[in-house]
Each structure stands twice: as C-alpha cells, then as structure tokens.
Amino acid sequence: MRKKDELLRERQVIIDKAVSENRPYSSLERRKSKDLQEQVDGYDEQIKDAQEIENRRAGIPPNQPKPGMPAGDPGPGMILPGTAENRGFAPHGYSTGHRNFGEFVQDARWPNEFQAKRDFQMVTGAAGGFLVPDQFLSQIMFVSPESSIVRARATVLPPDVDRPDNKIGIPALDQKSGMLGGIKMSWLGEGDLKPEQDADLILVVLEPVEVGGHVVITDRLLRNDSGAASIFFDKVFREAIFDEEDFQFLCGDGVGKPLGILNSDCRIEVARDTSSTFKFADIAAMISKFYVTNWNKGLWVINLSVLPDLVQMADTAGHLIYTGGNIEKRLPPSILGIPVRFTGRTPTLGLAGDVMLCNFEYYLIKNGSGPFVAASEHVYFTKNKTVVKAFYNVDGQPWLNNPLILRDGVTEVSPFVVLGA
C-alpha cells in the first residue's frame, strides 16, 4: 500500500506539472504516466489476492467483509500482519477512496458537506470517531527503527477481530524457579523411569487502554488544501504517537498505562561507578549482566545528556575510547559491537535509566482497537479552527517477571539492564 501510494503521488506530480504549465503531456510524460499506472494496477491485483487469501483463511466467503466491517467490497486496503508496511498494526479490512489523509479528516469535520459530494464510506468506532482506513494506517502508524525505539523491535500482538480491547494472558516461564522456569533435563539409562517435571508458568496480562492526542488546525487550511493538511497530520501524529509510546514502554509505571522496563521486576539495575557520570566501568558492569544470547539483538538506549561523558570517556592512559580522538569522524554506531540509540525519552544523566541495554524482543506490545480520528469546531468556533483528535488502544510490558538465573545457580542476567542512580 505504501509503495502504491508513492507511485500515485509520483503520477500526480506529472499531472500537476502539465496542468500548471497549461499544456498537454509530452511524449516522455505520457510514457512515464502509463508506466506508473501499470505498476499501480499490478499492486492492486496483488493486494486483492492478499485480501482473498486472508479471508479464505479466516473462513470468510469471497466478497464478504470481515466481522464488524461495513457491507460491500472491503476494497484494496489490506495490509498483511507482520509485513514492513504494517510493523505491528493489524489491518482493519476496509479502505476508502480518499486521495490523502487530509481528505479523510475533511469528511470527519464536514461529513454532510464533503461526503455528499464523494461516495466514501467511513466506519465509526464504538468510542466515537472514524476508524482510520488501511491506506492511511501505513502512513501515520508506519514504524521504523529510526522513528520508534521499542515498537520497531518488540514482540507485537495484533488485536482480536471481534474483541480487540479484551484482556489477554500470555504464558511465560517463572524465572524464580531457576533458568527456564525450573525445567531440568535428566540422563536416563535403558528402562529407567522418566522423572516427572512440571514447568512453572505465569501469565503476563495485557489489556489495551486508550491513549490519544489532539492538534489544532485552521479551517481554511483543512478545507482548501487537503494535501498540505495530510502532510501536517502524518508528521504530527506519527511523531507524537511514537514519542509517547517509547516513553511509556521504557519508563511507564503500569497504572492505567503500559509497564515500562525501568519499573519492571525483570530488569537488573547496575550500581553506578561514580555518581552523575558514565564511565567505562559502568559499560563493563552492564554488559556482564546482559543475557549473553541477546548480544546480537541488543540496543544501548542512552539519554542525550550522557553524550558528553561518552565522547570524553578515556582509558587509564588518557586515550579516548568511544571516538578514538578523531573529531572528523561521525560518532561510532555501537558500543562493544552493540548498536547505540540516543534519545530524550529516558531519564537524564545521573538518574536511574539514563543508560539502558535492552533486547526488546522480550517486550510485549498488545494492539487494541483504532486508531480513530474525530474532528470538532466547537472549542475554537469563533476562531475558525478545528481540533483534530487521534486515539487508539494499546498496552505493553516485559515478557518476564524476574531476571534469569544461569546454570551455575548464581549468576543473574536479564534482557533489560539499566544503570542505577
């Protein structure tokens, strides 16, 4: 869907250029436009096939919508779970004919005026607001490792079609019983009785809760330039969503919101060598507590305020460690071979959690219903402005309840290691 949208945008540029210059297509533009349309047709066919395959797997007859979706052809709005286009957000199963997200918000704001002119069908969610269709879901909720620290790397569970916001329990091994939840292997001679051994299991309970935000836009921009409004909404909502998600997934207290790594019982908090600083001794202590099988999937999450200490970090002979003293080179992308991500979404230098070492595959995210969009003129009626609200449901927490105890029976490690205060 994202690639198809890029092709359509590219074709629109060709059209707009010819119109602005008050002339017909050139031969080159005609060939280019035709080639782009053929590619779009190919993607339409591929999307239609993907929709049919999923419907058949779900036991839905051909040309029938998914449960809870409007009657009629659901359209080419399918995004397959787990693909790069989706990255953790399950498909809704319907799409509209809006050219861009700005047009969709126009219809949410002035449904009687705009929808009367355009034969679009918009689904209203139980919580009020219009369900964002698939062709825009991949824009405002597209997850990349650059825009999102946690979601792009976590284990993401899609919402149930019929009960997307229901509480669910995910089995996990209780590490209090030892490595792998107390499972023990035995060597048996021929004819020996096999020992009975039960694994200690717990349930990690996830229940999506609503999170939302709003932005104010002028009626003039929203009414007259849906393309510019679309770019504005895409950028604002996407950045706000992942900023808030990362903060809660990393630092949330779990009360009416996700449980963050910093407040989870499965983290290991390493004592800082010297207060309010970050030294190589801290790196060594943290890596020794990081679950060894996680090294190739780990990520250093470091608050930007720690950067000066890292840049100036030196060995006992005064040699700079992190940068090597070369001011012409970019900052190294890793520490001890593990990638680094600087952020402002964690505590600052000297506070617990200013440096974290994580394997986010051990963090569970449960998607619920949404996202939804609602628009209202009432708050700023006299100023000719519209409040546009976006909201959805989500929950998250680590997939462990305690650190892991290795086979030696003493050493504790974790996929989540944080530097203490």
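The values are calculated or read from the model by the stated rules, or taken from the named source; none is laboratory data. Everything numeric in this text was worked out from a predicted model, so none of it was measured. Note that we place each Cβ from the backbone using ideal geometry, even for glycine, and neighbour counts take in every protein chain shown.
Below is a table of values for the structure above.
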{"quantity": "From 9, 109, residue being at pLDDT 50 or above and outside the structural domain of residue 155 (by TED's automatic domain parsing)", "calculated": "9"}
{"quantity": "Residue count, segment 324-356 (criterion: of a type in the set (S, T, N, Q), part of a strand (DSSP E or B) and either on the phi > 0 side of the Ramachandran plot or surrounded by 15 or more Cβ atoms within 10 Å (Cβ to Cβ) (or both))", "calculated": "1"}
{"quantity": "Residues of segment 329-375 satisfying the condition of being in contact (Cβ under 8 Å) with a residue 40 or more places away in the chain, touching a strand residue (DSSP E or B) at 6+ places or on another chain (Cβ under 9 Å) and among the small types (Gly, Ala, Ser)", "calculated": "344, 352, 353, 368, 369, 370, 374, 375"}
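Quick grid of which residues meet (1) closer than 20 Å to residue 261 by Cα; (2) within 26 Å of the chain's Cα centre (by Cα):
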position	(1), (2)
296	yes, yes
311	no, no
314	no, no
318	no, no
323	no, no
329	no, no
333	no, yes
347	yes, yes
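Yes/no per residue for (1) surrounded by fewer than 13 Cβ atoms within 10 Å (Cβ to Cβ); (2) touching a residue at least 12 places away in the same chain (Cβ under 8 Å); (3) within 28 Å of residue 362 (Cα to Cα):
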| site | (1), (2), (3) |
| --- | --- |
| 270 | no, yes, yes |
| 277 | no, yes, no |
| 282 | no, yes, yes |
| 285 | no, yes, yes |
| 289 | no, yes, yes |
| 296 | yes, no, yes |
| 301 | no, yes, yes |
| 321 | no, yes, no |
